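Shown next, in structure tokens, is the structure this report addresses.
The values are calculated or read from the model by the stated rules, or taken from the named source; none is laboratory data. Model, not experiment: these values are computed from the prediction. In this analysis, Cβ positions are derived from the backbone assuming ideal geometry, glycine residues included, and neighbour counts consider all displayed protein chains. Side chains included, ligands, DNA and RNA excluded: accessible areas come from the protein's heavy atoms. Shrake-Rupley method; radii C 1.70, N 1.55, O 1.52, S 1.80 Å.
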Amino acid sequence: MQLSGNFIDFGFLIVSFIISTFLTMEIKYRLGQKMMAQVTERSNHTTPKPSGGGLSIVIITVLSAAGLLFFNWLPHSPFMWSLLGGSVIIAVLGWLDDKHDLPAKVKFPVQLAVVGLCVYWLPPIFFDFIPVWCEKLLLVLAWAWFLNLYNFMDGLDGYAGQQTVFLCIALALIFAASPIKPLFLIVAGATLGFMMFNWDPAKIFMGDVGSTFLGFLIGGLMLWHATPASFIILFTLPLLFTTDATYTLIKRAIQGKKPWQAHKEHWYQRAQDVLGEHQKVTLRAIGLNILILGFVLLGIFSKMFYVMLILSAMVLCYAAWRIKRGEK
């Protein structure tokens, strides 16, 4: 039975990868010159390139999730239905942003409303010593931030893709008995298919349609698994993205800069300036994520959860120190 289950899991990954590869190729061909990512202050590319390639990830994930729900392979719950519906809304919003560059005052209220609806259906998770409404408010803010930081961190060829594949594979491994494990593997496979055209040098970009969709969906799937016992695991796994984005946001706010304006101050952007190639930064990010996963697995087996967090933070601090040293 276990062998059969593993074979099916592998099938989800491979089939979504194959479909995504061909679908991304078709989207690239269809979009062509119609939807281009122009060079801006924030850009790490020097010429305009097609954007919106993350649409392939959206289509495969949403249709697969709908099929899994139809065949009762995913739990039927108000939260799961709101997560699926909300992901479609976030993807549409991202698509419109890619085409029309929507202002923050339009995007953020919609994102908060969608996240708020999903959190409403999420059972209380963490804190017995604060009111439920206060916990839910904190979760809305944290989830909305995770959604947007995913967009902020999508700035190098293959960078957001590698983080997505890492998180989905890691979560499928750690929560192997989870009823939504197939969804993690489908997202991982679809992202790998997209990355066939997004690796350095990228032929197409993910766009907001992909990055915000992934930030919203992965954030929701992690919260679905959140308990007081698993919280520190879920907090540690995405540290590569969350520490970079949060540190940069706080730094810019202290400096009196508008955090939402385009810039090139993230650690990964500074690393690209030092190393000179997108691929070098992305490969190092993969290595850092593998180290973090190793620390997490060590923490799980040893029950020393805070040690895994400290070790992961130390490795990221060392990486930041190396970047800063290289800038001199």
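For every residue, the table says whether it meets (1) assigned to a helix (DSSP H, G or I); (2) in contact (Cβ under 8 Å) with a residue 60 or more places away in the chain.
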residue	(1), (2)
A65	yes, yes
I90	yes, yes
K99	yes, yes
K107	yes, no
L112	yes, no
F129	no, no
L139	yes, yes
W143	yes, yes
TODO: May I ask you to list pairs of residues, at least six apart or on different chains, whose Cβ atoms are under 6 Å apart, with the first in the range 16-30 being over 10 Å from I204 (Cα atoms) and the second being among the hydroxyl-bearing types (S, T, Y)?
DONE: S20/S56; L23/S56
Open item on the list: Which of the numbered conditions does T242 fail, given that it passes all the others? Conditions: (1) within 26 Å of F197 (Cα to Cα); (2) part of a loop (DSSP other than H, G, I, E, B); (3) of a type in the set (S, T, N, Q).
Closed with: (2)
TODO: Working only within the range 215-258, note down all residues that are without any contact (Cβ under 8 Å) to a residue 40 or more places away in the chain and exposed (fewer than 15 other Cβ atoms within 10 Å of the Cβ).
DONE: A229, I250, K251, A253, I254, Q255, G256, K257, K258
Task: the range 156-177, residues that are within 18 Å of L239 (Cα to Cα) and open to solvent by 20 Å² or more (accessible area, probe 1.4 Å) - done: V165, F166, I169, L173, I174
Open item on the list: Name the single residue that is farthest from V165 (Cα to Cα) among those in the range 268-291 being open to solvent by less than 80 Å² (accessible area, probe 1.4 Å) and touching a Lys or Arg at 6+ places or on another chain (Cβ under 9 Å).
Closed with: V274
